[in-house]
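**Student:** Handing you a structure now.
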Amino acid sequence: MKKIAVLGSTGSIGTQTLDIVRANRDLRVVALAAGSSVEKLEAQAREFQPLIVGMWSEEAAGDLRERLKDTSVKVVSGMEGLLEIATFSQSEVLVTAIVGMIGIKPTIAAIRAGKAIALANKETLVTAGHIIIPLAKECGVPILPVDSEHSAIFQSLNGEPREKISKILLTASGGPFRGWNRERMARVQVEDALKHPNWAMGRKVTIDSATMVNKGLEVMEAKWLFGVELSQVQVVVHPQSIIHSMVEYVDGAIMAQLGMPDMKLPIQYALFYPDRRPLAGRRVDFFELGQITFEKPDLEAFPGLALAYRAMEAGGSMPTVYNAANERAVGLFLDRRIGFLQIPELIGEAMEVHRTIPDPSVEEILETQTWAEEIVSARTFCV
């Protein structure tokens, strides 16, 4: 019986993780945490009977305690609660499906507690990869990628020495606006950006995919996860989303992982690695598919991707500025306070005025996050 804790259990990745638990009786959920969805977490707690659950606000936690007063489930709140869940003695694997930089401290705490990390939180490595990766190695803790692209790379590396990697080919669907120019994208509304052609994801990640900032974050994450140079990570637009990513080796051989666009596959692979389990769902039919195609990313139409390379080249605290400015800008776009094209513009402006901290501590990372969010918020009064 493998015991797991899930941060972000009511979101897209979290709910699909629980689908995997339902299909595998040798998985046991011992801890769950959510942001604000009290009713959803109550339902999950009653179904999976964890020992401890957490909400971000104490107000929501109080509501949940009242709802679960007929059970023995412990209810915690805030960062202190997340840290308690991340280090919970009964768990073996922490699924970090929480969105945002809030995941950094719990992930570090879980690594120090010896928990395997099933990583679905991009921000952790984007902003704190220089802390997380050495710490995981020091503690002997595996970091198992849950992102479909990074899982594909991980699978393509099976049995191969990492020093033989020539290039990582990180595939991207291109999002709902592939082939559009900036003039056309200037008229994009929130509803348009939330219509991804291939994947069902949360609102924030879906907008990130539409701007291709999501792919920029994945480039940064790949560098840390697989120990390669930034120049070795190449983005390839692949509209069908059948090849989830590839690895080219020094001899020219390319290994790829293919499959239908379904997040349950990388989630299950991370939870049971190195085992493979049966998984219900559609299979790729190559005769029906007919062909797969590839394109270069349009960096003029999607400057958010080019900014990611610039941020990673600068290093230090600059990736935090990129990530935090984007988080704030996406929130403003979803609130209809800025236009779609202003998202990368605001990221770039924040990066331009930031003085990079070479090797930031966790505290400096979080201070930089606050600074970048304030810069973006202040700038929106002028647009």
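The values are calculated or read from the model by the stated rules, or taken from the named source; none is laboratory data. Bear in mind the structure is a predicted one, so any value in this text is a computation, not a measurement. Using ideal geometry, Cβ is built from the backbone for each residue, glycine included, and neighbour counts are taken over all protein chains shown.
**Student:** If you take the residues of region 351-382 that are loosely packed, with under 14 Cβ neighbours inside 10 Å and of a type in the set (Asp, Glu), which of them is nearest to Thr124 (Cα to Cα)?
**Tutor:** Ranking the qualifying residues of region 351-382, first place goes to Glu363.
**Student:** Exactly one of these conditions fails for Gly129: (1) surrounded by fewer than 24 Cβ atoms within 10 Å (Cβ to Cβ); (2) in a strand (DSSP E or B); (3) of a type in the set (Gly, Ala, Ser). Give me its number.
**Tutor:** Going through (1) surrounded by fewer than 24 Cβ atoms within 10 Å (Cβ to Cβ); (2) in a strand (DSSP E or B); (3) of a type in the set (Gly, Ala, Ser) one by one, Gly129 breaks only (2).
Here's the yes/no breakdown for (1) assigned to a helix (DSSP H, G or I); (2) more than 27 Å from Gly202 (Cβ to Cβ); (3) free of Cβ contacts under 8 Å to residues at least 40 places away in the same chain:
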site	(1), (2), (3)
Leu332	yes, no, no
Arg337	no, no, no
Pro344	yes, no, no
Gly348	yes, no, no
Glu352	yes, yes, yes
Thr356	no, yes, no
Asp359	no, yes, no
Leu366	yes, no, no
Gln369	yes, no, no
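**Student:** Continuing with the same structure: Determine which single condition Glu66 fails, assuming it passes every other condition in (1) exposed (fewer than 14 other Cβ atoms within 10 Å of the Cβ); (2) not in a helix (DSSP H, G or I).
**Tutor:** All conditions pass for Glu66, except number (2).
**Student:** So Gln342 passes all but one of these: (1) polar (S, T, N, Q); (2) touching a Phe, Trp or Tyr at 6+ places or on another chain (Cβ under 8 Å); (3) modelled with pLDDT under 95. Which condition number does it fail?
**Tutor:** Evaluating Gln342 over (1) polar (S, T, N, Q); (2) touching a Phe, Trp or Tyr at 6+ places or on another chain (Cβ under 8 Å); (3) modelled with pLDDT under 95 leaves (3) as the failure.
**Student:** Tell me, which helices (runs of 4 or more DSSP H) wholly within region 222-316 include 2 or more residues that are touching a helix residue (DSSP H, G or I) at 6+ places or on another chain (Cβ under 7 Å) and not assigned by TED's automatic domain parsing to the domain that holds Ile131?
**Tutor:** Helices (runs of 4 or more DSSP H) meeting the threshold: 264-272, 303-314.
**Student:** Take the residues in region 104-126 that are of a type in the set (Gly, Ala, Ser) and either assigned to a loop (DSSP other than H, G, I, E, B) or at pLDDT below 95 (or both), then tell me which one is surrounded by the most Cβ atoms within 10 Å (Cβ to Cβ).
**Tutor:** The first filter runs over region 104-126 and keeps only residues of a type in the set (Gly, Ala, Ser), leaving 109-110, 113-114, 116, 118, 120.
Those left that are additionally either assigned to a loop (DSSP other than H, G, I, E, B) or at pLDDT below 95 (or both): 113-114, 120.
Numbers: Ala113: 16, Gly114: 11, Ala120: 32.
Step by step, filter region 104-126, then rank; the result is Ala120.
**Student:** Within region 197-209, is even one residue among the small types (Gly, Ala, Ser), in contact with a strand residue (DSSP E or B) (Cβ under 6 Å, 6 or more places away or on another chain) and assigned to a loop (DSSP other than H, G, I, E, B)?
**Tutor:** Within region 197-209, not a single residue is among the small types (Gly, Ala, Ser), in contact with a strand residue (DSSP E or B) (Cβ under 6 Å, 6 or more places away or on another chain) and assigned to a loop (DSSP other than H, G, I, E, B).
**Student:** Related question: Out of the residues in region 82-103 that are assigned to a helix (DSSP H, G or I) and modelled with pLDDT of 95 or more, which is farthest from Glu221 (Cα to Cα)?
**Tutor:** Of the residues in region 82-103, the ones assigned to a helix (DSSP H, G or I) are 82-86, 101-103.
Remaining after also requiring modelled with pLDDT of 95 or more: 82-86.
Values: Leu82: 23, Leu83: 23, Glu84: 26, Ile85: 24, Ala86: 21 Å.
Here the residue is Glu84.
**Student:** On to the next question. Within region 155-176, track down each residue that is crowded, with 22+ Cβ neighbours inside 10 Å and in contact with a helix residue (DSSP H, G or I) (Cβ under 8 Å, 6 or more places away or on another chain).
**Tutor:** Ile168, Leu170, Thr171, Ala172, Gly175
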